[in-house]
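This report concerns only the one structure given below.
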2 protein chains.
Amino acid sequence: VYGYWLELKHQKRKEQELLQAAYQSEINALKAQMHPHFLFNTLNSISASVEPDNEKTRMLIAKLADTFRYSLQVSEEELIPIEDELTFLASYLDLEQERFKSRLRVLFDVDDAVRGTLIAPMLLQPLVENAIKHGITPKAIGGEVNISIQRRQGRVLVRISDTGLGVGDKPTSALLEKGIGLRNTALRIKRLYNEELRIEKNIPGGLSITFLLPILTTDEKL
Amino acid sequence: VYGYWLELKHQKRKEQELLQAAYQSEINALKAQMHPHFLFNTLNSISASVEPDNEKTRMLIAKLADTFRYSLQVSEEELIPIEDELTFLASYLDLEQERFKSRLRVLFDVDDAVRGTLIAPMLLQPLVENAIKHGITPKAIGGEVNISIQRRQGRVLVRISDTGLGVGDKPTSALLEKGIGLRNTALRIKRLYNEELRIEKNIPGGLSITFLLPILTTDEKL
């Protein structure tokens, strides 16, 4: 009986801790946030205040609205076609291009056969954002970001590489400890696909991030 | 012993459910989102693309950045001075004013003595947004939103009222069941201050939302 009692006491403490965690996340969710519609409405007002002949500003405003609309929509989805993720990535990169001008060069190298494959949403963009933020931004002459998605032995090989700053002499493993973005992505890929995020030095400079995905289509969801 | 065993089994099931909930919220947190810096960077690019003489568009872009910056910053805070919340509310309302033009009139009636009082962040803005969205928007001639904060018997009385659509013949209690925004605010006020959110019909039309806060200053935090 004492054994049961001890285990029960232990269980109750664990339950308390879990309740505490659940309560905390409920509190966080209750924290009022700006309603996303406010962003879209305001971007509309701003767009309307732009001179009629300034098509470029209006286009940038529209792309900003598009990227946020997409990231909101897909946060409800489990899986979406790679094609949709690439369209979103292109809008995102058009906006970054406006900021970096000629310092940022982007290359897409995507096998048409994988465009319909399903992928967890918002998996590529944080990796590209990371490459721009930590690779290209600190380098005066900028650099290139390469997004490659290919079929490889019955799976999909995703590679996001840049010719940016890189890690110099440090080991790439340090990046997983430091960067929340990379660690989150690695964790998502592990949970979702039981695959590893490989971080390697790019040649001659910068970083290369690769991971494998199963080939999933709308007919054979996880 | 059987009693212990049953309770232990029950505890273990509860723990499973709680673990599941905690896991789900971890997954949600892991869902990659657009990095907020991207919004600010892009608003900067857009602002730079605006003609030099179009001061108004640049001002609107700056206010949009301000409101988002504030809502991000205070999401980490427990309590902030009412003054800061009012500055934020003014920026937010300037942007809404641009959208609604003369259809929206805003009146602030704030006792200077309460400006330093501490309040949970983002408590007023969702109520004002609600008044605009459900009260003013559906009414062709628009209406007035009144934000009143006064000292009342050793406490702070907050009142957000509008002359908008109101609820007609329906009871105001229906709003708490329907509107997620109002229900969240009511829940926050209950949890934080153990106070009720009162929803009443405004005279001659529209709604009036009131609640009481304790007077807290930086020297005597909760």
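The values are calculated or read from the model by the stated rules, or taken from the named source; none is laboratory data. Predicted, not measured: the structure shown is a model, and the values here were computed from it. Virtual Cβ from ideal backbone geometry, glycine too; neighbours counted across all protein chains shown. Only protein heavy atoms, including side chains, enter the accessible area calculation; ligands, DNA and RNA are left aside. Shrake-Rupley method; radii C 1.70, N 1.55, O 1.52, S 1.80 Å.
Structure summary
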{"read-out": "Magnitude of the charge dipole, the protein assembly as shown, Cβ model with Lys/Arg +1 and Asp/Glu -1, debye to 20", "value": "820 debye"}
{"read-out": "Carbon + sulfur, % of accessible area of the protein assembly as shown - ligands and nucleic acids excluded, 1.4 Å", "value": "53 percent"}
{"read-out": "Cα centre as origin, Lys/Arg/Asp/Glu Cβ charges: region B:89-222 dipole, Debye", "value": "320 debye"}
{"read-out": "Karplus-derived 3J(HN,Hα), 6.51/-1.76/1.60, for each residue of region A:127-139, Hz, glycine and proline x", "value": "6, 5, 4, 4, 4, 5, 5, 9, x, 7, 3, x, 9"}
{"read-out": "Solvent-accessible area of A:THR87 with every protein chain in place, 1.4 Å probe, in Å² to the nearest 10", "value": "80 Å²"}
{"read-out": "Nearest-ten-degree value, helix B:2-30 long axis tilted from longest Cα axis of chain B", "value": "30 degrees"}
{"read-out": "GNM top mover of A:SER148, A:SER49, A:SER91 - chain A, alpha-carbon springs below 10 Å", "value": "A:SER49"}
{"read-out": "Solvent-accessible area of B:VAL158 with every protein chain in place, 1.4 Å probe, in Å² to the nearest 10", "value": "0 Å²"}
{"read-out": "DSSP-defined antiparallel bridges as percent of all bridges, region B:94-222, nearest 5", "value": "75 percent"}
{"read-out": "Over chain B, equivalent-ellipsoid semi-axes from the Cα gyration tensor in Å", "value": "35, 26, 20"}
{"read-out": "Karplus 3J(HN,Hα) series, Hz, for region A:152-157 with 6.51 cos²θ - 1.76 cosθ + 1.60 (x for Gly, Pro)", "value": "8, 6, x, 9, 10, 9"}
{"read-out": "Residue among A:MET122, A:MET34, A:MET59 with the largest mean-square fluctuation in a Gaussian network model of chain A, springs linking Cα atoms under 10 Å", "value": "A:MET34"}
{"read-out": "Charge dipole (the protein assembly as shown, unit charges on Cβ, about Cα centre) - positive-most of B:TYR70, B:GLN97, A:HIS10", "value": "A:HIS10"}
{"read-out": "Per-copy distances of the B:ASP169 label point, shortest first, in nm (7 angstrom along Cα→Cβ)", "value": "8.3"}
{"read-out": "A:ASN202 long-range amide H proximity, modeled H, under 5 Å", "value": "A:LEU207, A:SER208"}
{"read-out": "Whole-percent pair-distance distribution, where bins are 10 Å wide, for the alpha carbons of the protein assembly as shown", "value": "4, 16, 23, 23, 20, 11, 3, 0, 0"}
{"read-out": "Antiparallel DSSP beta bridges within the protein assembly as shown, as percent of all bridges there, nearest 5", "value": "75 percent"}
{"read-out": "Exposure of A:LEU93 as accessible area (Å², to 10), given a probe of 1.4 Å and all protein chains", "value": "10 Å²"}
{"read-out": "Antiparallel bridges, percent of DSSP beta bridges restricted to chain B (to nearest 5)", "value": "75 percent"}
{"read-out": "At 7 Å out from Cα toward Cβ: B:ARG105 inter-copy label distances (nm, ascending)", "value": "6.1"}
{"read-out": "Rounded to 10°, Cα long-axis angle of helix B:82-100 versus longest principal axis of chain B", "value": "60 degrees"}
{"read-out": "Value at 222 nm in deg cm²/dmol, rounded to 500, when DSSP H runs of n ≥ 4 in chain B each add -39,500 (n - 2.57)", "value": "-16000 deg cm²/dmol"}
{"read-out": "For residues of A:34-40, the mean tally of beta carbons on other chains within 10 Å", "value": "5"}
{"read-out": "Solvent-accessible area buried by B and A, counting both chains, probe 1.4 angstrom, square angstrom", "value": "5400 Å²"}
{"read-out": "Exam field: B:LEU72 pseudo-label spacings to other copies (7 Å along Cα-Cβ), nanometres", "value": "1.8"}
{"read-out": "Inter-centroid distance (Cα atoms) of region B:143-222 relative to region A:39-73, Å", "value": "33 Å"}
